[in-house]
Amino acid sequence: MTEPSPPTESPSQPSRPEVICAKCHAANAHGANTCGACGAHLYVSCHHCGHRNERHQLRCTSCGLRLHRTFWRRLRKKVFPDASMVRPQHVLLLVVMVLAGFLLILLIVDRKLLF
């Protein structure tokens, strides 16, 4: 007696869903690491647990932490690349901001800015 052959998959029903590119929204094969249309990475690794997540997800599916940095965190990293080292530009920026705030307060108190 012969054993029945396992059912074969039809081309209309793939075994794994396609991965959608977060940048250009093109559909890519499940095993691809980069988008075939724009070349963007399709996956990002969690900084906390190392789990591989699709790039469009905001939080890790394994541990739940944020996958992408916020705008303010990226800006802070550019302005202060090494947080332990204070540079002259940082001191100058602080002095300018304090003086601007002081002048703004003086204008408000003198009612020149308010109607």
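Here, each number is a calculation from the coordinates, and none is a lab measurement. This is a predicted model, so every value here is computed, not measured. Heads up, the Cβs are rebuilt from the backbone with ideal geometry, glycines too, and the neighbour counts pull from every protein chain shown.
Miscellaneous remarks
- Ranked packing of 86-99, 19-32, most packed first, by mean Cβ within 10 Å: 19-32, 86-99
- 10 Å binning of all Cα-Cα separations within segment 70-115, expressed as whole percents from 0 upward: 24, 31, 26, 18, 2
- Relative intensity, log₁₀ I(q)/I(0), of segment 26-93 from a Debye sum that treats every alpha carbon as a point, q = 0.13, 0.14 Å⁻¹: -0.56, -0.61
- Positive dipole terminus of segment 70-115, leading residue within V95, P81, I105 (C-beta point charges): P81
- Peptide ranges 33-39, 75-81 listed from the most packed, as the mean C-beta count within 10 angstrom indicates: 33-39, 75-81
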